[in-house]
Amino acid sequence: MFRTRRPYGWRLALALAPVVALAAACGSGAATDAGSGKDLVLKVADPGNSGPLAVAKRDGTFDKALAPLGAKVEWVTTTPGFSSMLKLFNTRQLDVSGAAFSPVVGALSKDVAVRIAAVQDPAGRDQSGIIATKASGIHSVTDLVGKRVAVNPAGKGEYILLEALAQAGVPADKVTRVPLQQKDAASAFATGKVDAWASFLVPYQEAKANGGVEIATEQSIGSKDNTVVVFRTEILDKRPEVAAKYLEVLQGLTVQQHDNPTAFENVFERSGPTALSGARLADALRVDAEATIPRLPRDSDAADLADVVNLFADNGVISRKITAADIFYDLKAKLTPDQLAALQKGR
């Protein structure tokens, strides 16, 4: 279960973490042909109680925008973290999701047919990082030597841990990386089965609020693991107009989130386990106001991506280096001038 040699969002990432999938032929009975002109059912991860997707679910925003293209969405339950969803992409149960560079690099190293269609500039970098249990006695990154740290393998958690260790001058093999997805990692952290946890967004914030000791954040390590929107490659190839419209709607919602954060928290429930209040609500509103608009990849994004690829390759997380050409999808080459203009207008 443990490994020592092999090194890698949820407020903002979930705000930008739609999980959209083409319905399987054995699924809901909706049309599943991705060819142009065919009806398409996009399965989207249920967004919970906050963020642009929660507002879109409540208001039917995507269905209204996609209807002229013969497409609609269906909200489904998924597990947190892109790297935990790779099987769903492989079985054509998911078509698009929010993610970060790191788990997409990990996915492509396993030949999962996905590509990055949009990138967001850094924001909310204090929402993810490394936390330690109080009982561990860990107060800094150097204290992790000889300890067990939960990470989602070949994903953001593993990236955060490896980058933090590199900056602190700690050899990666001096720390035991315990490969666990977010749900299992939360349990292991709460019960003391691991000493620390490299985590992100809502699970990270919850563990921190429950007494976890924060020893590093994406902000403090200068993370290059930017937030992205990822589509299954078949959708981009066969229905680029649907992907473009989806991104256009997401851009508009993100602008609204930035300008009016209050409307994007506690969307469905104002009390109960999914609702935020007090200091956590205030923090979420601050991060919402920092939201950056998803945009088509630029040449400058390749340098940030290379930072993730090189870190993973140097630490044996991936067996081959993946280039920007392998990961970024040139959606603009597939769109009409009018479609491209509408998408770029929302940047």
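Summary of values
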item	result
Among (1) touching a helix residue (DSSP H, G or I) at 6+ places or on another chain (Cβ under 7 Å); (2) over 26 Å from Ala291 (Cβ atoms); (3) buried (at least 20 other Cβ atoms within 10 Å of the Cβ) - the single one Thr142 does not satisfy	(3)
Single unsatisfied condition, Ala67 versus (1) modelled with pLDDT of 90 or more; (2) assigned to a helix (DSSP H, G or I); (3) crowded, with 24+ Cβ neighbours inside 10 Å	(3)
Any helices (runs of 4 or more DSSP H) falling wholly within the range 277-347 and containing at least 2 residues that are open to solvent by less than 70 Å² (accessible area, probe 1.4 Å) and at pLDDT 90 or above	278-288, 301-314, 324-327
Lone qualifier among Ser199, Ser220 - being modelled with pLDDT of 95 or more and assigned to a helix (DSSP H, G or I)	Ser220
Top-ranked residue in the range 89-123 [being of a type in the set (Gly, Ala, Ser) and not in a strand (DSSP E or B); ranked as farthest from Pro240 (Cα to Cα)]	Ala123
Candidates Thr91, Thr133 - the one that is open to solvent by 10 Å² or more (accessible area, probe 1.4 Å), among the polar types (S, T, N, Q) and in contact with a strand residue (DSSP E or B) (Cβ under 9 Å, 6 or more places away or on another chain)	Thr133
Hey, Gln257 farther than 30 Å from Asp326 by Cβ and buried (at least 22 other Cβ atoms within 10 Å of the Cβ) or not	yes
Options Ala24, Ala34: the member that is modelled with pLDDT under 90, outside any strand (DSSP E or B) and surrounded by fewer than 18 Cβ atoms within 10 Å (Cβ to Cβ)	Ala24
Hits in the range 188-198 - residues which are open to solvent by less than 10 Å² (accessible area, probe 1.4 Å) and in contact with a Ser or Thr (Cβ under 7 Å, 6 or more places away or on another chain)	Ala196
Test for Thr262: is it in a loop (DSSP other than H, G, I, E, B), farther than 30 Å from Ser140 by Cβ and more than 17 Å from the chain's Cα centre (by Cα)	no
Members of the range 204-250 found to be within 19 Å of Val308 (Cβ to Cβ) and open to solvent by 30 Å² or more (accessible area, probe 1.4 Å), listed by number	Gln219, Ser220, Gly222, Lys224, Thr227
Any chance Ala113 is under 30 Å from His258 (Cβ atoms) and either touching a Ser or Thr at 6+ places or on another chain (Cβ under 6 Å) or open to solvent by 30 Å² or more (accessible area, probe 1.4 Å) (or both)	no
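The values are calculated or read from the model by the stated rules, or taken from the named source; none is laboratory data. Treat the numbers as computed from the prediction; the structure is a model and nothing was measured. Every residue, glycine as well, gets a Cβ built from its backbone with ideal geometry; the counts of neighbours run over all protein chains shown. Accessible surface areas use protein heavy atoms only, side chains included; no ligands, DNA or RNA. Shrake-Rupley method; radii C 1.70, N 1.55, O 1.52, S 1.80 Å.
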